[in-house]
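Heads up, the thing below is written out as structure tokens.
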Amino acid sequence: EWHASTVRPREFYDDQCAPNRKRNKCYYYSVDLQGRLFLEEALPKNVATSLKDVQFLDFFFRRVRRVTEREERYLESVGA
């Protein structure tokens, strides 16, 4: 199905989180076109699997921001 293509291979998550594994737990999220938030590995992505906790959604969306050009260049250089 279409939503299966939105989840990256397990190796991606292991590689991205490995440097911080001892200190932090890494979570990856997806936002659909209606603004619903999902844990990235949640399948299928529908109303039933979207995150609904109002406090968490407020916390999350208040911190979303655009990636700066400097951050984008860094991400490209490290292959993220």
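The values are calculated or read from the model by the stated rules, or taken from the named source; none is laboratory data. In this text, all values refer to a predicted model and were calculated from it rather than measured experimentally. Ligands, DNA and RNA are stripped out before the accessible areas are found, and what is left, the full protein with its side chains, is counted by its heavy atoms. Shrake-Rupley method; radii C 1.70, N 1.55, O 1.52, S 1.80 Å.
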Solvent-accessible surface ranking, highest first, for Leu33, Leu75 at 1.4 angstrom: Leu33, Leu75
By accessible area with a 1.4 Å probe, ligands and nucleic acids excluded, highest first: order of Lys52, Lys45: Lys52, Lys45
